[in-house]
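The values are calculated or read from the model by the stated rules, or taken from the named source; none is laboratory data. Computed from a predicted structure; not experimentally measured. Note that we place each Cβ from the backbone using ideal geometry, even for glycine, and neighbour counts take in every protein chain shown. For accessibility, only protein heavy atoms count, side chains too; no ligands or nucleic acids. Shrake-Rupley method; radii C 1.70, N 1.55, O 1.52, S 1.80 Å.
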Amino acid sequence: MFFDKNRGAGAEWLVVGLGNPGEKYENTRHNVGFLTVDELAERARVPVQKLKHRALTNTLEVGGVKVLLMKPVTYMNLSGEAVGEAARFYKIPPERVLVISDDVSLPLGKLRIRKGGSAGGHNGLKSIIQHLGTDQFPRIKVGVGQKPHPDYDMADWVLSKFAGEDLKTITEAIRKAADAVECLIQEGPDKAMNRFNG
């Protein structure tokens, strides 16, 4: 068996939360990926604040597996630049690049885990597909609900902040999404899909 002496220092998985950096975007629908990474970081007591590969990062262990948590600071539409760079640096194959994003087609708080597939109109996912050269990477989509009426501007909707009951629902969903990340890494995507695809 080939033994890579650098492997111990690296990461075996990337867990990427999608969002936009800056106070203006905190707690918005588009930032549920960031919020999920923050939840994982809080559980492990490792702040995600080292700037590396155009992302805020930190390393933690999930069930004995080294995981690099990432919050790209490139803004949503260029997320793939950060993800591609980190994946190449750590030689992580796409099937171990787990991406957490918001999904406007899912009811608020619902999770959907997929092993791969199209971007479904999500610019962050589109950018990652472009930079990884494949759409075959796992993702956890967190439902943020559909815009309130057809004339409502989509950008305004995804950049709106959670409040009231919505905030309660999404807080619970983010906890579940973090559980799903742990489950997927330790037990594989099929188990995670069975357990969390509500």
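Values as computed for the structure displayed
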| quantity | calculated |
| --- | --- |
| Conditions (1) on the phi > 0 side of the Ramachandran plot; (2) buried (at least 16 other Cβ atoms within 10 Å of the Cβ): number failed by I100 | (1) |
| Residue match in segment 39-49 (condition: modelled with pLDDT of 95 or more and basic (K, R)) | yes |
| Count - residues of segment 75-84 that are touching a helix residue (DSSP H, G or I) at 6+ places or on another chain (Cβ under 7 Å) and open to solvent by less than 20 Å² (accessible area, probe 1.4 Å) | 5 |
| Within segment 85-97, considering residues that are open to solvent by less than 50 Å² (accessible area, probe 1.4 Å) and in a helix (DSSP H, G or I), the one farthest from K52 (Cα to Cα) | P94 |
| Hits in segment 74-114 - residues which are over 13 Å from the mean Cα position of the chain (by Cα) and among the β-branched types (V, I, T) | T74, I92, V104 |
| Count - residues of segment 67-84 that are part of a helix (DSSP H, G or I), in contact with a His (Cβ under 8 Å, 6 or more places away or on another chain) and among the hydrophobic types (A, V, I, L, M, F, W, C) | 3 |
| Only listed residue being in a loop (DSSP other than H, G, I, E, B), closer than 23 Å to T28 by Cα and open to solvent by 70 Å² or more (accessible area, probe 1.4 Å), chosen from Q136, Q146 | Q146 |
| Residue selected from segment 45-66 under the condition in contact with a helix residue (DSSP H, G or I) (Cβ under 7 Å, 6 or more places away or on another chain), assigned to a strand (DSSP E or B) and of a type outside the set (V, I, T), by the criterion nearest to I185 (Cα to Cα) | L60 |
| Residue in segment 8-43 that is least open to solvent (accessible area, probe 1.4 Å), counting only those that are part of a loop (DSSP other than H, G, I, E, B) and of a type in the set (D, E) | E12 |
| Every residue from segment 118-163 that is under 19 Å from G84 (Cβ atoms) and small (G, A, S) | S118, A119, G124, S127, G133 |
| Residue list for segment 149-179, filter: surrounded by 12 or more Cβ atoms within 10 Å (Cβ to Cβ), of a type in the set (G, A, S) and not in a helix (DSSP H, G or I) | S160 |
| Unmet criterion (only one of (1) open to solvent by 20 Å² or more (accessible area, probe 1.4 Å); (2) in a helix (DSSP H, G or I); (3) out of contact with any Leu (no Cβ under 6 Å at 6 or more places or on another chain)) for C183 | (1) |
